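J.: Quick one: the structure is below, and I'll ask about it shortly.
The values are calculated or read from the model by the stated rules, or taken from the named source; none is laboratory data. Predicted, not measured: the structure shown is a model, and the values here were computed from it. Cβ placement follows ideal geometry from the backbone for every residue including glycine, while neighbour counts extend to all protein chains displayed. Note: areas computed on protein heavy atoms with side chains; ligands, DNA, RNA excluded. Shrake-Rupley method; radii C 1.70, N 1.55, O 1.52, S 1.80 Å.
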Amino acid sequence: MKRSVFFISDGTGITAETLGHSLLSQFEEIRFEETTLPYIDTVEKAITAQQEINRAAEADGVRPIIIDTIVDKSIRAVIAEANGYMMDVFDTFVDKLQAELCSQANNTVGKSHSITNNPHYNDRIDAVNFALDNDDGARTKHYDKADIILVGVSRSGKTPTSLYMALQFGVHVANYPLTEDDFDDLRLPASLREYKSKLFGLTIDPERLSAIRNERRANSPYSSLSQCQKEVRAAEAIFNREGVQFIKTTHASIEEISTRIMASVGIKRKSLQP
């Protein structure tokens, strides 16, 4: 079964997408065809969005789901006239908060994503730069400044996890790829030993690893199942021998991996609020 879904926002659409994905993931039997319409900040743009929704409804034979975070009521009213089932985030939550707080919302477009309202913005930018500078074992001399050092075989998810944790939470994350040279004695590489308390391992099912590597280097020794099995076994043996915490990334999202790592090592998220 297929349903069209529209994420509509007067900003980037990230909030609508994030909330929408959390809700829609509960309905695995339905295939959702998603469309994000960001920066719908005028009535004219809202009319265009309404027309697109109506076309989808006519093509599908069933009304689309609309998840929006539009602040302006006149723009929201235009979207509400579309042939769709509308889930308005602000109507759902803001009205109830106004009543509880005995205060009127500002209804300011883009307020939740304003850089000036976020005291941790510079922290996150610094963390992203650190992750980029310390990717793939590039500069092990800076590991003393890392909050976490992710360790694992090539293509096990180290780089995207490092960047996500940096951008979302301001965590300084380095990552080190375990290679054939590191598997000789099944011990931690010398450059990692003094930072053992900061290490966190990522592992992955060899079959999935082989599929990922084949997308990069098809039919190569690097991507062969036997090579992937060998590397994963060796990496996990090192983690177990050295007492390094690790998790399997095979079926986990970057968000889940990051949250589990931070919970395991006891790092608290930096608030996005002023």
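J.: Might you check whether a residue that is at pLDDT below 85, part of a helix (DSSP H, G or I), under 19 Å from the mean Cα position of the chain (by Cα) and of a type in the set (S, T, N, Q) occurs anywhere in segment 103-112?
T.: Yes, the conditions are met somewhere in segment 103-112.
J.: Hey, another quick one. Examine segment 225-236 for a residue that is of a type in the set (Ser, Thr, Tyr), surrounded by fewer than 22 Cβ atoms within 10 Å (Cβ to Cβ) and more than 24 Å from Thr140 (Cα to Cα), and state whether such a residue exists. Quick ask: steps written out before the conclusion?
T.: Of all residues in segment 225-236, those of a type in the set (Ser, Thr, Tyr) come to 226.
Applying the additional criterion that residues be surrounded by fewer than 22 Cβ atoms within 10 Å (Cβ to Cβ) yields 226.
Next cut, more than 24 Å from Thr140 (Cα to Cα) only: 226.
Within segment 225-236, one or more residues are of a type in the set (Ser, Thr, Tyr), surrounded by fewer than 22 Cβ atoms within 10 Å (Cβ to Cβ) and more than 24 Å from Thr140 (Cα to Cα).
J.: Under 6 Å between Cβ atoms, at least 6 apart or on separate chains: pull out the pairs that start in segment 234-259 with a residue that is more than 20 Å from Asp184 (Cβ to Cβ) and end on any residue that is surrounded by 12 or more Cβ atoms within 10 Å (Cβ to Cβ) and aliphatic (A, V, I, L, M).
T.: That search, which allows pairs on different chains as well, returns Thr249/Leu202; Thr249/Ile204; Thr249/Ile257; Thr250/Ile204; Ser258/Met165.
J.: Additional query: So which pairs qualify, if the first residue must be in segment 169-181 and on the phi < 0 side of the Ramachandran plot, the second must be open to solvent by 20 Å² or more (accessible area, probe 1.4 Å) and in a loop (DSSP other than H, G, I, E, B), the Cβ gap must be under 7 Å, and the two must be at least 6 apart or on different chains?
T.: Phe169/Arg269; Phe169/Lys270; Val171/Asp147; Val171/Ile267; His172/Asp147; Val173/Asp147; Pro177/Ser154
One line per residue, one yes/no per condition, for (1) more than 28 Å from Glu255 (Cβ to Cβ); (2) open to solvent by 20 Å² or more (accessible area, probe 1.4 Å); (3) modelled with pLDDT under 95:
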{"residue": "Gly11", "(1), (2), (3)": "no, no, yes"}
{"residue": "Phe32", "(1), (2), (3)": "no, yes, yes"}
{"residue": "Leu37", "(1), (2), (3)": "no, yes, yes"}
{"residue": "Ile40", "(1), (2), (3)": "no, no, yes"}
{"residue": "Ala46", "(1), (2), (3)": "yes, no, no"}
{"residue": "Ala49", "(1), (2), (3)": "no, no, no"}
{"residue": "Phe90", "(1), (2), (3)": "no, yes, yes"}
{"residue": "Ala99", "(1), (2), (3)": "yes, yes, yes"}
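J.: Which count do you get for residues in segment 143-167 that are surrounded by fewer than 24 Cβ atoms within 10 Å (Cβ to Cβ) and of a type in the set (S, T, N, Q)?
T.: Qualifying residue count for the region: 2.
J.: Give me the pairs, please: first residue somewhere in segment 136-147 and more than 14 Å from Asp126 (Cα to Cα), second residue anywhere and assigned to a helix (DSSP H, G or I) and open to solvent by less than 50 Å² (accessible area, probe 1.4 Å), beta-carbon distance under 6 Å, and either six or more positions apart or on two chains.
T.: What qualifies is Thr140/Ser191.
J.: Applying the selection to segment 197-224, what residues are free of Cβ contacts under 8 Å to residues at least 24 places away in the same chain, closer than 25 Å to Met165 by Cβ and open to solvent by less than 50 Å² (accessible area, probe 1.4 Å)?
T.: The one that is free of Cβ contacts under 8 Å to residues at least 24 places away in the same chain, closer than 25 Å to Met165 by Cβ and open to solvent by less than 50 Å² (accessible area, probe 1.4 Å): Ala211.
J.: While we're on this one: Which number in (1) open to solvent by less than 60 Å² (accessible area, probe 1.4 Å); (2) under 27 Å from the mean Cα position of the chain (by Cα); (3) within 20 Å of Leu150 (Cα to Cα) marks the one condition that Thr179 misses?
T.: Status for Thr179: all satisfied but (1).
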